[in-house]
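Some notes on the structure that comes next.
The values are calculated or read from the model by the stated rules, or taken from the named source; none is laboratory data. Just so it is clear, the structure is predicted and the values come from calculations on it, not from any experiment. Please note: Cβ atoms are built from the backbone with ideal geometry, for glycine as well, and neighbour counts cover all protein chains shown.
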Amino acid sequence: MYKALVIFVAGYLTVTSVNSDHWHYAVEGPNGVVNDNEDWGGMCAAGMRQSPVDLAHDASIKGEYPGFIFENYDTPMKTPDIINNGHSIQISTTPGEISVSGGGLPGTYIFDQMHFHWASEHLINNDRYALELHMVHHEKRFESITRAAQEKNGVAVLGILFHVSLEPNMIIENILLNAGNIFEAVGRNQTYKDKLLLDDLLPKRLQSYFRYEGSLTTPGCGEAVVWTVFDQSIPISMDQVERFKAVQDDEGQKLTHNYRHIQPLNSRALVYIQGSTEYSAASFKGASMFLMFVSLVITTLGMKLK
Ligand SMILES: [Zn+2]
C-alpha cells in the first residue's frame, strides 16, 4: 500500500513538472485586454501573497531605507547568453560577481538572469507600462535560484518599467540586435556579443521605489520574492516594444503579451520609499550653513592671529 502510494506520488510529481513547462498566458480579447482567467493551478491559484500587484500610492505606507549597494552592476556581464524560453527572452550569466544589497533588502542577492514582460506586470496607480524588465537575484546563502525560490525572501527581483517615447532606447536596441534569430523558435539562444552592463538598464532615480513581499509571476508562483519596483520609468520607442511581440511560444504562436493579471494585495504591506528631493535639498542647505560657520570661525581666528 505504502509502495503504491509512493509510486502514485512520484507519478503525480512527474506529471506536474512536465505540465509546468507547458503553461500559457491568458488569452487577449479582441479589444487587446487580457480578461481570460489563467489556468496555472497550485500555488498560483491558492497563494495569498502573489505577484504582480497594483502599486497604488493610496494603498501604500511610507518607508525609509538606506541606499542600495550595487556590486559590479557597472562591469560587463560575463559570457551573457540570450534565449527564447517560450515565455520571454531572457539573458543569463554565470552567477557570482554581480549582487545587490541595502535598500532595505534582507540580505545580499546574487544576480542570475533578467527577462522582459510586454506589457508591464506591475501597475502604478492602475497605469500599465509598455515593458517591464525583471532582474532576478537569489540570496547568497542558497546555492541556486531554484533552491532560493522555495524560501521566503530567498529571491529578490528588481522591476524596471518602460514608457513609450519617440526616442528609441539604445540599450534595448542592442539587446534586440544581439537576440538575432532566437525569436522564431523556443530554446534558441545566442551568445551576447556586445558589452552588457546592468547599470545601463537602471533608472536614474534609484531612491524612489515600491517594496513588498510577493511571488514569482510564472508557474509555480513560489512566494519567495522580495520585490522592488522603481518609480521612475525609462523611455522605449513603440517600434521596439512591437519587436518583442515577434517572440514565438512552444506552439509557434507569436507571444503578443506575457504579463500576468494583477493579484490581490490581501493583508500585505506595500511600502513606498519616496527618496524625496526636498530631503536632499534640506541636507544640502544644512551642509552649506555648516561650511559658512566653519569659514566664519576660520576668519575670526585669522583676525585674532594678526
Ligand atoms: Zn518576470
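Here Leu133 qualifies as within 16 Å of the ligand (Cβ to nearest atom), closer than 21 Å to Leu105 by Cβ and not β-branched (Val, Ile, Thr).
What do you reckon, is Ile175 crowded, with 20+ Cβ neighbours inside 10 Å, within 18 Å of the chain's Cα centre (by Cα), more than 16 Å from the ligand (Cβ to nearest atom) and in contact (Cβ under 8 Å) with a residue 60 or more places away in the chain? Criteria not met by Ile175. Counted as qualifying within the stretch 51-110 are the strands (runs of 3 or more DSSP E) with 3 or more residues that are within 17 Å of the chain's Cα centre (by Cα) and modelled with pLDDT of 95 or more, namely 68-71, 89-92, 99-102. Within the stretch 118-130, the set of residues being within 14 Å of the ligand (Cβ to nearest atom) and among the polar types (S, T, N, Q) comprises Ser120 only. Considering (1) within 17 Å of the chain's Cα centre (by Cα); (2) surrounded by fewer than 18 Cβ atoms within 10 Å (Cβ to Cβ), the lone condition that Gln253 does not fulfil carries the number (1).
Among the residues of the stretch 130-167, those that are aliphatic (A, V, I, L, M) and either surrounded by fewer than 15 Cβ atoms within 10 Å (Cβ to Cβ) or under 18 Å from Asp231 (Cβ atoms) (or both) comprise Ala130, Leu131, Leu133, Met135, Ala156, Val157, Leu158, Ile160, Leu161, Val164, Leu166. Within the stretch 113-125, residues that are within 19 Å of Thr256 (Cβ to Cβ) and part of a strand (DSSP E or B) reach partners that are away from the ligand (no atom under 11 Å from the Cβ) and among the charged types (D, E, K, R) with beta carbons closer than 9 Å, at six or more positions or on different chains, in the pairs Leu123/Asp54.
Return yes or no: is Glu143 free of Cβ contacts under 8 Å to residues at least 60 places away in the same chain and not basic (Lys, Arg)? So Glu143 fits the description; yes. Residues in the stretch 113-129 that are of a type outside the set (A, V, I, L, M, F, W, C), surrounded by fewer than 21 Cβ atoms within 10 Å (Cβ to Cβ) and within 24 Å of Ile172 (Cβ to Cβ): Gln113, His115, Asp127, Arg128. Conditions: (1) farther than 24 Å from Ala26 by Cβ; (2) without any contact (Cβ under 8 Å) to a residue 12 or more places away in the chain. Gln253 meets all but one. Number of the miss? Condition not satisfied by Gln253: (1). Checked across the stretch 185-197, the condition of being within 21 Å of Ala246 (Cα to Cα) and within 16 Å of the ligand (Cβ to nearest atom) holds for no residue. On the stretch given as the stretch 136-170, residues that are assigned to a strand (DSSP E or B) and either charged (D, E, K, R) or within 12 Å of the ligand (Cβ to nearest atom) (or both) total 7.
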